[in-house]
Amino acid sequence: MRITASRTSRSPRVRAVSLGEARRPPAPLARLVLTASAVVAAGLAAIPLVYLLVRVVGADGGEVLAALVRPRTLELAINTVGLTVAVATACLVLGVGSAWLLGQTRLPGRRAWVVVSTLPLAVPSYVAAFGWVALTPVRGFWGAFVVLTVCNVPLVTLPTLAALRLANPAHEDVARTLGRSRARAFLESTWPQVRPAALAGVLLVALYVLSDFGAVAIMRFEVFTWAIHSAYTSQFDRTLAAALSTVLAAMGVALVWAERRLRGAQARHGSTVAARVVRAPVRLGAWSWAAGAGLTLVPLAAVGVPLAALLRYLTARASTGTRVPASEVAADALSTVALAAGGALVALALALPIGLLAARFRSRLSAALESASYVGLALPGIVVGLSLVFFSLAVVPALYQSVWMLAFAYGVLFLPKAVGAVRASVEQVEPGLEDVARSLGATRARVWARVTARIAWPGIGAGVLLVALTAMKELPATLLLRPTGTDTLATSLWRLTESAAYGAAAPYALVLVAVAVGPAVLLTRDAVATVRERRDGA
Amino acid sequence: MALRRALAAFSLPVLALAVAGCSPESPAPASSAPQASSDAVADGTFTLYSGREEELVQPLIDQFTVDTGIAVEVRYAGTTELAALLQEEGDASPADVFLSQDAGALGAVAKAGLFALLPEAVSAAVDPGFTSTDGSWVGVTGRARVLAYDSEALDADEVPASVLDLTDPAWNGQVGIAPTNASFQSFVTALRVLEGEDVAREWLDGMVANDVQTYPKNTAILEAVQAGEIQIGLINHYYWYQALAELGEDGMRARLSFPEAGDAGAIVNVTGAGLLAGASDDADALAFIEYLVSDAGQRYFVDTTYEYPLVAGLDVPDGLPALADLTNTELDLSDLDTLGDTTALLTEVGLL
């Protein structure tokens, strides 16, 4: 993180941005309050890391070193890195490609395509893996690669699509008139403008792959999370598990650092005003069919395959005559939605100061705080869950195993999704606009409410929805932290698949996907609005 | 534990020096565990952490509540996760009773000094060898290790009578195991105890060389056999019966074969329950553990989960060989808690 910060401060672009900010009157108090809140928020987000530290310090050093230096650890680490790189690359290519088709072309039925492209987010990767194992012979590396890729592509597609909306098309138009091919013009002019958004999505994908155990276990591809789970399962050694988890945390830090380097300073080519310049979308002509087929592939693999598998079990179930009471499924759905909404609000509260600070007052501190909030995402859910058990019992024992602590856990677990959204959205608001408002006599608070928040809100809202969506699917931490006797759709699904009652589990999985489709579709509202706007304008 | 650490320090002096500053938590000796109190308090409710599945256990708990009027708050999660959770919670745990899928988790919680000692009447209900040696937990049911085979690929008499034969090239790529599964590891421990370290290592190496397929758990193995992906899977017997209840006779492509008596592949593992130290004076919690080893409790497991009863005088589920036929006189089940060495061996051959 230190390296990240020094790199950023050396960047000439950043210097230019800070010079731009120096032009505005400084607000020491606002900055102080913001920094203090960001430090507190990042501190809460770093609970899992603190926990790892406490456990490792208390560990039998010889045992930990023996576990870390054996050949098997290296093998698992290599598998993890290979899978992460492969999935991240595939998601980058598929996500940017989809975003371009959805945002820049005259594809028939684009609004529907945007919604369809978001659907994979509604499917937990363990459910998708289950479907693929049930219906196809794909296993091992390729199985894990396919499932994790198709489930995560929208994490790249959506932010890229949003960034394309705000990108200034003038650059690409100029490049085209100067004789550049369409692809080259895109790569040289538009890509640099959407790159930060795309890479932020790729970072979320990569961290998810590091932490995933459900899908890789079902696909029997042995990665680092296997070693961590084996420490719990066969040795009952949470200390060893924590020590092994530090390797994943280190990989997470490396990813966050790499993303910062690649992202560079946010290029403010885009401007809220210029984006309103309407540009005719690319005509696909006969290629429309190919584009449609391409866009269908990912949702089909992520949603279609598991749905088909679940329906097969559901119909097999109907013949044996056992029923799942609809009221139980409904009750679980209700608690799932309520807890996820609570988690999303917690994430928003924690993400606002961190994201605002990172967007408006760049410094080593803001970079470090932002990075710290990301690393927990690289850790398996059971480790994060235990860290919050530890925190809750030590600090607020009265809230232990309450819905409040579970919602808080969701907020901490999926905070990066909201932090990235807040930072990116606020960065998109041109400081010039705020200056104009200020020069017209508006107070700082009024500028924030009427200008900054208004423009940034759709993006921030999308981040919050993403947190809610992910929280609905969360399993390992939920099992540890939920109030005794409370079920969510994910825990019921787990309970029934544990006892191989797949027929009974199918309704829960179907309802979970159905419930998650809600926020997934809402996520696309912004993008759909853009499409409509463009069409009306064209 | 201390001896192992000392040996590790001896063999790795440099590493030991490097970490001399770290002081590992030492487990509380079992002797300091509180004894379940005779003048216990009953408030009509207690909290159970169940590592056993809700589908299987909840009806029994409901029956217990009807019979005794005691309400039970149940927290369901995997046995492994609950053992980790109990260790993390320590004295602050809201749990009064831990119901576990396997003896290893109970041993780990006992070793951490978190269990109260059970009254003699409870711990003596189950034959030694199927329960804890010090009364820190009690065995509840038994589960036999079996071979599930693909009936479309094999006839019953083609299935090997001993797991040792599975290293034969004829089974290349055709056998499924779950190396992280506690029951599988107990079997490997039994193999080490019965046949010696060299045979165990040779067998594991042979299995790896024979392209043994690894799965995260028993159900995944059974599904693979059902799907014809592998011909033989090493699982616990009752998974097959559960699948039978779900899919019906016609849905069962997999069939069961019991290895011959005396084979390491034919051992019996136990599930069990323990009373948390903080609940040593909780009459309700103790009543539940007593219920688990009562006739009613034992019969429930026989009829519903097809497991072996551990209290004498009850019939085994239909179609299963008698527990006595599977009990290996050369094997003391208390030896099976030397799991650390087994995981080391599994790690060495590259299965963990």
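The values are calculated or read from the model by the stated rules, or taken from the named source; none is laboratory data. In this text the structure is predicted, and so the values were computed from the model without any measurement. Cβ coordinates were reconstructed from backbone atoms using ideal geometry, including for glycine residues, and neighbour counts include every protein chain displayed. Side chains are part of the model used for accessible areas, which takes the heavy atoms of the whole protein and leaves out ligands, DNA and RNA. Shrake-Rupley method; radii C 1.70, N 1.55, O 1.52, S 1.80 Å.
Miscellaneous remarks
- ³J(HN,Hα) computed for each position of the range B:320-326 - Karplus, 6.51 cos²θ - 1.76 cosθ + 1.60, integer Hz, glycine/proline x: 9, x, 4, 4, 4, 5, 8
- When only alpha carbons are used to place a centre, the range B:246-293 and the range A:214-244 end up 24 Å from one another.
- Cα centre as origin, Lys/Arg/Asp/Glu Cβ charges: chain A dipole, Debye: 1920 debye
- The mean number of Cβ atoms from other chains found within 10 Å of a Cβ in peptide B:211-219 is 3, as a whole number.
- Within chain A, the ratio Rg/Rh, alpha carbon atoms throughout and Rh by Kirkwood, equals 0.97.
- Amide H partners (placed H, <5 Å) of residue B:45, local residues excluded: B:71
- In a DSSP loop and with at most 15 other Cβ atoms within 10 Å, the GluC sites (Glu not before Pro) in the range B:241-332 are B:260, B:330.
- Proximal charge balance of residue A:151 [Cβ under 12 Å; K/R count +1, D/E count -1]: 0
- Of B:183, B:206, B:141, farthest towards positive along the dipole that unit charges on Lys, Arg, Asp, Glu beta carbons give the range B:83-216: B:141
- Dividing the summed helix terms, -39500 (n - 2.57) for each DSSP H run of n ≥ 4, by the number of residues in the protein assembly as shown produces a 222 nm estimate of -19500 deg cm²/dmol to the nearest 500.
- Accessible carbon and sulfur surface of the protein assembly as shown relative to its total accessible area, %, 1.4 Å: 62 percent
- More than 28 angstrom apart: percent of Cα pairs within chain B: 45 percent
- Normalised by the number of residues in chain B, the average gap of Cα pairs under 8 Å and 6 or more apart makes the relative contact order 25 percent.
- Under-5 Å amide H pairs with residue B:212, H placed in peptide plane, nonlocal only: B:173
- Stokes-Einstein translational diffusion, the range A:394-471 - Kirkwood Rh over all Cα pairs, 0.890 mPa s, 25 °C, in µm²/s: 170 µm²/s
- Kyte-Doolittle mean at least -1.0 and Cα axial length at least 27 Å: DSSP H helices in chain A: A:71-104, A:140-166, A:191-211, A:238-263, A:326-360, A:453-473, A:502-537
- Rounded to the nearest 100, the interface formed by chains A and B buries 4500 square angstrom of accessible surface, both chains summed, with a 1.4 Å probe.
- Net charge of the neighbourhood of residue A:69, taken over other residues with C-beta under 15 Å away and scored Lys/Arg +1, Asp/Glu -1, is -2.
- Modelled label reach - residue A:396, point 7 Å along Cα→Cβ, the range A:42-77 residues with backbone N closer than 19 Å: A:42-51
- The relative contact order of the range B:159-271, computed from alpha carbon pairs under 8 Å that lie at least 6 residues apart in sequence, is 37 percent.
- Most to least packed among B:198-210, A:375-387, B:83-95 [average Cβ atoms within 10 Å]: A:375-387, B:83-95, B:198-210
- The phi-based Karplus calculation (6.51 cos²θ - 1.76 cosθ + 1.60; θ = phi - 60°) puts the 3J(HN,Hα) values of the range B:254-271 at 7, 10, 9, 9, 8, x, 5, 4, x, 6, 4, x, 10, 6, 10, 9, 10, 9 Hz, whole numbers, x for Gly and Pro.
- Along its first, second and third principal axes, ordered by size, the range B:178-223 spans 32, 22, 13 Å in Cα coordinates.
- Local electrostatic count at residue A:33 - Lys and Arg +1, Asp and Glu -1, tallied over other residues with Cβ under 15 Å: +3
- Kirkwood-based Rg to Rh ratio, the range A:329-480, C-alpha trace: 1.05
- Peptide A:213-219 has a mean of 2 when you count, residue by residue, the C-beta atoms of other protein chains within 10 Å of its C-beta.
- Separation of the range A:138-201 from the range A:349-391 is 26 Å, based on Cα centroids.
- Each part gets one Cα centre, and for the range B:93-124 versus the range A:62-97 those centres are 37 Å apart.
- Straight-line cross-link partners of residue A:417 among the aspartates and glutamates, defined as a Cα under 13 Å from its Cα and at least 8 positions apart when in the same chain: A:370.
- Average accessible surface area per residue within the range A:50-155, 1.4 Å rolling probe, Å²: 35 Å²
- Looking at the range B:132-287, the pairs of alpha carbons with a distance over 21 Å make up 48% of the total.
- Near the amide H of residue B:276, within less than 5 Å, lie the amide hydrogens of B:97, B:98, B:116, all on another chain or at least 5 residues away, with H placed in the peptide plane.
- Against the empirical 2.2 N^0.38 Å (N residues), the range A:98-233 has a Cα radius of gyration ratio of 1.30.
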